[in-house]
Amino acid sequence: MITKGNDSATTNSISQKQLNKISKFLSFVLRHKPEAIDLTLDSQGWASVAELIEKGSSKITLTNNLIKQIVVTNDKQRFLLSEDGQRIRANQGHSIKVDLNLQPQEPPPLLYHGTATRFLNSIKQEGLKLGQRHHVHLSTDVTAAMAVGQRYGKPVILQVASGEMFQAEHEFFLSENGVWLTEHVPPRFITTAN
Ligand code: HQG
């Protein structure tokens, strides 16, 4: 289950608040703006940990251990270290072009999307569309979707008939951290779940 920001990782005198700050920084440079610190990502979104530590130092203090701690304890498992620990990437949520080499697969029959009530009219007209990110993000459980929707205001849960979409040849991908991804959810596959 996904919880937000209350993991009990306050080891080595580093507070959860500080870990969250570093996690936000990592999301920023690994998903959206590596050029902010002149960091190089390869075509699959990997950055060198050593380069990240060095180039990030003007903005934030990072160490190998801190990075490992964040990868392991992050509430949504947002990051992945390569097997040798030398490289890091974000599991999903990118706005820059990277190829995560996700393979299409069959989703569960129903998935959920949390959004804010103020977006409902537009979603009913146009369906769920891509924002800045590569995909529309869908959750397997309502609680996770609720947390996502709360970020933008009064939340509402939408139920997506993902099984029917799959039958209708829409592609679905499953990210390394359990988020279902698709390109567009047309309105006919969406119902309001609460
Ligand atoms: C909405 C975070 C109007 C959509 C979260 C959402 C998630 C429309 C917003 C992950 C629309 C896009 C993704 C339409 C979609 N009209 N609004 N036709 N279609 N929208 O942030 O799903 O912390 O790009 O409902 O927890 O909110 O970054 O997507 O409200 O897991 O790891 O447009 O990002 O995870 O917003 O969030 P986003 P999202 P991280």
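Look through the range 103-134, keep the residues that are in contact with a strand residue (DSSP E or B) (Cβ under 8 Å, 6 or more places away or on another chain) and modelled with pLDDT under 95, and return whichever of them is farthest from the ligand (Cβ to nearest atom).
Gln103
Conditions: (1) within 15 Å of the chain's Cα centre (by Cα); (2) assigned by TED's automatic domain parsing to the domain that holds Leu181. Leu80 meets all but one. Number of the miss?
Here Leu80 clears every test but (2).
Evaluate the following for Lys55: is it in a loop (DSSP other than H, G, I, E, B) and either of a type in the set (Phe, Trp, Tyr) or within 22 Å of Ile22 (Cα to Cα) (or both)? Step through it out loud before you land on a result.
Working: in a loop (DSSP other than H, G, I, E, B): no; either of a type in the set (Phe, Trp, Tyr) or within 22 Å of Ile22 (Cα to Cα) (or both): yes.
When the stated conditions are applied, Lys55 does not pass them.
Of the residues that make up the range 137-155, is at least one touching a Lys or Arg at 6+ places or on another chain (Cβ under 6 Å) and outside any loop (DSSP other than H, G, I, E, B)?
The answer is yes; a qualifying residue exists.
Collect the residues in the range 135-164 that are free of Cβ contacts under 8 Å to residues at least 40 places away in the same chain, of a type in the set (A, V, I, L, M, F, W, C) and more than 9 Å from the ligand (Cβ to nearest atom), keeping them in residue-number order.
Met146 - this is the single residue of the range 135-164 that is free of Cβ contacts under 8 Å to residues at least 40 places away in the same chain, of a type in the set (A, V, I, L, M, F, W, C) and more than 9 Å from the ligand (Cβ to nearest atom).
The values are calculated or read from the model by the stated rules, or taken from the named source; none is laboratory data. Since we're looking at a predicted model, the values are computed, not measured. Using ideal geometry, Cβ is built from the backbone for each residue, glycine included, and neighbour counts are taken over all protein chains shown.
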